[in-house]
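Written below as structure tokens is the structure these notes are about.
Readers should treat all values here as calculations from the given coordinates under stated rules, not as data from a laboratory. Everything numeric here is computed off the predicted structure, so don't read it as measured data. Counting neighbours? That spans all protein chains shown, and the Cβs are built from the backbone with ideal geometry, glycine included.
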Amino acid sequence: MNPEIKSYNISQSTEDAAICNTLAREIDKSLKEAESKIWHRHPVWFLDGNPIVGYSKLKNEVRLLFWSGQSFDEPGLLPEGSFKAAEARYISKKEINKEDLQRWLEKSKTIQWDYKNIVKRKGVLIRLPG
């Protein structure tokens, strides 16, 4: 696990740290080729410089966010924001369905919108070939 992400997880409450550690292990296992780092104060995984998945501590839960998740066509992910992101939220490690999570992570490898170039393209999202 990336040492910065490990520190982020340790800084959480006991239950939230358990959620974060489970998410980080599953993401690392599925996205071996991804670069992981703390980005905007939260753990995020990137493929070819494009943000794919990350999580953050909210007031009462941990939010798992897939930047292109609305395009996954998955009922367990809810739309988030004005682009193509989708999320799942957890208050307990027991709520994490690893089969769902692995399926979402597999989809994240091939279903990607070009977020890294959105500023260069003046706010236009382009679907990357996958």
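Axis of helix 98-110 versus longest Cα principal axis of the chain: the two differ by about 30°, to the nearest ten degrees.
Spin-label model, Lys32 to Asp48: label points 7 Å out along the Cα-to-beta-carbon direction sit 2.0 nm apart.
In this rough spin-label picture, where each label sits 7 Å from Cα along the Cβ direction, the Ser11-Glu74 distance is 2.6 nm.
Using the rule -39500 (n - 2.57) for each DSSP H run of four or more residues, divided by the residues of the chain, the 222 nm mean residue ellipticity is -9000 deg cm²/dmol.
Note on segment 3-110: Lys pairs 8 or more places apart or on different chains, Cα atoms under 18 Å apart, count 22.
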